[in-house]
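Engineer: First the structure, which I've put down as structure tokens, then a few questions once you've had a look.
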Amino acid sequence: MTANLSQPAGGTDARDRLLSELQRYAGWLAKDHASVAVRADVQALGTALGSASDTFTCLQALDRDIGRLPSGGIRTMLRRTLIGIRAALEATEST
């Protein structure tokens, strides 16, 4: 998936809000290897979104690394937010 530069303003706002949530939740994680990987993935996704680069590999890596986290509330919040970002990206691609 790639970010589209000609996105409607509402799509960008929703995407930015969801990215901000991802960053906040990733900041709550511990300092173990899986948590560090998730934080790096979130940072890479933010960079890709900011530069209108391909986000597909970033989303895949983030999904994989979230799966490596122990079960719990933060993992659930990260998953739900990731689903929201995917939906927002798909909506902006179809417009």
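The values are calculated or read from the model by the stated rules, or taken from the named source; none is laboratory data. Here the structure is a predicted model, which means the values were calculated and not measured. For neighbour counting, all protein chains shown are included, and Cβ atoms are generated from backbone atoms with ideal geometry for every residue, glycine included.
Engineer: Residues of segment 21-71 being within 23 Å of residue 94 (Cα to Cα), polar (S, T, N, Q) and within 14 Å of the chain's Cα centre (by Cα), which ones?
Structural biologist: 47, 53, 55, 57, 60 - these are the residues of segment 21-71 that are within 23 Å of residue 94 (Cα to Cα), polar (S, T, N, Q) and within 14 Å of the chain's Cα centre (by Cα).
Engineer: Can I ask one more? Output the qualifying pairs, or none if there are none: Cβ atoms under 8 angstrom, residues six or more apart or on different chains, first residue in segment 16-43 and assigned to a loop (DSSP other than H, G, I, E, B), second residue of a type outside the set (A, V, I, L, M, F, W, C).
Structural biologist: Note: pairs meeting the criteria are 29/35; 29/39.
Engineer: Answer yes or no: is there a residue in segment 1-16 that is modelled with pLDDT of 95 or more, surrounded by fewer than 15 Cβ atoms within 10 Å (Cβ to Cβ) and of a type in the set (Val, Ile, Thr).
Structural biologist: No: segment 1-16 contains no residue that is modelled with pLDDT of 95 or more, surrounded by fewer than 15 Cβ atoms within 10 Å (Cβ to Cβ) and of a type in the set (Val, Ile, Thr).
Engineer: Additional query: Could you check segment 68-86 and list, in sequence order, the residues that are surrounded by 12 or more Cβ atoms within 10 Å (Cβ to Cβ) and more than 18 Å from residue 23 (Cβ to Cβ)?
Structural biologist: Within segment 68-86, just 68 meets the criteria.
Engineer: Just to be sure I understand, how many residues within segment 69-95 are in contact (Cβ under 8 Å) with a residue 60 or more places away in the chain and assigned to a helix (DSSP H, G or I)?
Structural biologist: Looking only at that region, the number is 11.
Engineer: Going by the structure shown, is residue 32 among the acidic types (Asp, Glu), over 22 Å from residue 14 (Cβ atoms) and loosely packed, with under 13 Cβ neighbours inside 10 Å?
Structural biologist: yes
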